[in-house]
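Heads up, the thing below is written out as C-alpha cells.
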C-alpha cells in the first residue's frame, strides 16, 4: 500500500513538472513569435543581417535571401544608412563560402554602394555577430541597429546585443517562411536559455 502511495505521489509530481515545462515552452514560443513578427516602423543607423546557408556558387539560400531582401528594402526606403552582413563560413559540403561576402555581393548586385556594406565573415553565431558589430562600431558610434533574421531569432539577437552593452536595438524579420521554421522555433527555446546562462 505504501509503495502504491509513493508511486502515485511520484507520478503526480512528474506530471506537474512536465505540465510546467510544456506550459513554459508554449509561453516562450508565443512571446518570441509576437516579438519577432512586430513590423519595424522606424529608422536605424545600421541593419545587421544574421547569416545562414550559402551554396558553393555563392548563391544565397532561400532563408538567407529573405533576410537580405528585408535589409535591402530598408536601405532603399532610407530607413537604414549601412548594412552589416554577418555570417560564418558555409559548410565544406556547400563549398566553404564566406557568408558575409556572399551577402555583400548580392547587395552590390542590387545597387547598394560598396561603402555602405560591411561584410563580416567571423559571425559564426549570434554572439559573435553582436561582438563583431560592437567592435567595428567602436570608432564609428552608430547609435541604433535593426536586427534582420527569422522571426523566432529576433528576441535572442536583441538580448545578446543589449547584454553586450548596445541598447538601441530593434528587429525586422524575414518574410520568407518554411515548414522548417517550426523546428527552428522549438530549437530557439533552449538556445535562448543557453545564451542567458553562458553569455
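The values are calculated or read from the model by the stated rules, or taken from the named source; none is laboratory data. Predicted model only: the values in this text are computed from it and were never measured. Note that each Cβ is placed from the backbone with ideal geometry, even for glycine, and that neighbours are counted across all protein chains shown.
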Any residue in the stretch 27-35 that is in contact with a strand residue (DSSP E or B) (Cβ under 8 Å, 6 or more places away or on another chain) and modelled with pLDDT of 90 or more?
yes
For residue 102, all conditions in the list (1) crowded, with 21+ Cβ neighbours inside 10 Å; (2) at positive phi hold save one; what is the number of the exception?
(2)
Leading residue by the ranking (farthest from the chain's Cα centre (by Cα)) among those in the stretch 59-73 that are under 16 Å from residue 108 (Cα atoms) and outside any helix (DSSP H, G or I)
59
Has the stretch 3-25 got any residue that is surrounded by 15 or more Cβ atoms within 10 Å (Cβ to Cβ) and modelled with pLDDT under 90?
no
Out of all the residues in the stretch 112-164, which are assigned to a loop (DSSP other than H, G, I, E, B), in contact (Cβ under 8 Å) with a residue 24 or more places away in the chain and out of contact with any helix residue (DSSP H, G or I) (no Cβ under 8 Å at 6 or more places or on another chain)?
124, 125, 142, 143, 144
Collect the residues in the stretch 74-91 that are part of a helix (DSSP H, G or I) and in contact with a strand residue (DSSP E or B) (Cβ under 9 Å, 6 or more places away or on another chain), keeping them in residue-number order.
74, 75
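Can you find, within the stretch 159-175, the residue that is surrounded by the most Cβ atoms within 10 Å (Cβ to Cβ) among those that are touching a strand residue (DSSP E or B) at 6+ places or on another chain (Cβ under 8 Å) and farther than 15 Å from residue 84 by Cβ?
Taking the candidates together, the pick is 174.
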